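Below is one structure, written out as structure tokens; the observations come after it.
The values are calculated or read from the model by the stated rules, or taken from the named source; none is laboratory data. Note that the coordinates shown come from a computational prediction; the quantities given were computed from them, not determined experimentally. Glycine gets a Cβ as well: all are built from the backbone with ideal geometry, and neighbour counts include every protein chain shown.
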Amino acid sequence: MDDSNAAEVSVMERNDVNGTGPGVTVCIANQKGGVGKTTTAVSLAAGLALLGARVLVIDLDPQGNASTGLGCRVEEGDPSTYGVLVDGDAVADAVRPTEVDGLWLLPSSLDLAGAEVELVPAFSREMRLRRALEPVVAHYDIILIDCPPSLGLLTINALVAADQVLVPIQCEYYALEGLSQLMRTVELVSDNLNRELELGGVVLTMFDGRTNLAQQVVDEVRAYFGARAYQTVIPRTVRLSEAPSFGQPITTFDPSSRGARSYQRLAREVAERLALPVSHDEMSALDRLLGDKQQANAAEQVQPEQNVAVRLVDGADDTPVVDPPEQEVRP
């Protein structure tokens with residue numbers, strides 16, 4: 001049994017056939033900024049909610065972009081992740097509904113920026129979020145945690161509370177650097193604080209089909225991570241950049257856009273891999289065509305030499321050495 005099948009079996013063991021078991025908690029993490037963590041958290045959550053899943057988004061980034069991206073403004077003194085982590089507030093009292101049916105939000109606030117310092121003397125500070133979620137985890141099919149671009153105490157809390165890690169990777173070479181540090185952190189947390197933690201998947205984001213480098217990154221990531229890399233590739237689009245300024249996920253802001261269709265396909269992939277109790281609605285003819293093209297391109301890829309994978313993890317070289325592909329992935 002390969003790693004992806006083993007991960008799917010472990011999730012199915014947690015969720016019974018009626019979908020009434022405890023939900024799965026997924027931490028969306030990458031210490032590099034600007035790779036699409038928040039966009040993925042918000043858009044994926046909305047896509048899963050549209051499929052019928054009960055989704056909770058936890059904004060663990062002091063910048064609060066996931067909160068504003070879902071139309072939530074947090075005033076001083078409002079319940080937030082800061083109160084949950086530092087003051088021990090109940091998650092149920094801080095959760096807010098969003099405009100998307102089936103999607104709830106635990107918002108962030110600027111106070112969270114000082115939480116890492118305030119938690120230093122706290123007992124079992126790495127377990128704060130995990131213990132806070134225990135009373136509510138059964139109320140949702142999936143919980144998505146949007147992490148800050150660092151490997152500090154906030155991200156460690158998210159990793160300890162999560163069942164799986166979802167890693168967004170921008171389709172640019174510099175985005176590959178630092179992955180080894182993230183993987184080592186995940187391994188350390190898994191060995192010492194959360195035995196159930198595993199790498200759930202890798203999402204390729206900000207794909208620009210006009211460049212050979214973007215395709216090279218896709219090839220390297222898929223060669224190294226294998227089945228853990230999702231088939232859906234998220235394109236770089238203007239509409240994805242505009243949606244947060246309107247306080248809406250892309251699936252609401254422009255449902256027919258390329259970005260929205262890509263995240264809807266990703267939501268179907270995630271729901272299938274995690275065995276979520278959702279309705280698998282039929283894709284449009286265009287979506288089926290795009291999805292088939294991506295799967296065909298992935299199947300035709302030639303495995304690079306082993307030293308390519310080593311360079312991906314260690315980041316030793318300055319430039320990628322994979323020959324340009326003959327075909328482009330066109331999400």
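Points worth noting:
- Restricting segment 171-187 to residues that are farther than 28 Å from A275 by Cβ and out of contact with any helix residue (DSSP H, G or I) (no Cβ under 8 Å at 6 or more places or on another chain) leaves a set whose member that is modelled with the highest pLDDT is R184.
- Residues that are over 23 Å from G88 (Cβ atoms) and touching a strand residue (DSSP E or B) at 6+ places or on another chain (Cβ under 8 Å) within segment 130-162 comprise D141, I142, listed in sequence order.
- Complete set of residues in segment 140-195 that are hydrophobic (A, V, I, L, M, F, W, C), within 15 Å of the chain's Cα centre (by Cα) and outside any helix (DSSP H, G or I): I142, I143, L144, I145, C147, A162, V165, L166, V167, I169
- Positions within segment 50-74 being at pLDDT 95 or above and among the aliphatic types (A, V, I, L, M), in sequence order: L50, L51, A53, V55, L56, V57, I58, L60, A66, L70
- Helices (runs of 4 or more DSSP H) contained in segment 234-276 and holding at least 1 residues crowded, with 24+ Cβ neighbours inside 10 Å and not aliphatic (A, V, I, L, M): 250-253, 258-273
- Check on G178, under 25 Å from R73 (Cβ atoms) and of a type in the set (G, A, S): no
- Checked against (1) touching a strand residue (DSSP E or B) at 6+ places or on another chain (Cβ under 8 Å); (2) surrounded by 21 or more Cβ atoms within 10 Å (Cβ to Cβ); (3) β-branched (V, I, T), V100 passes all but condition (1).
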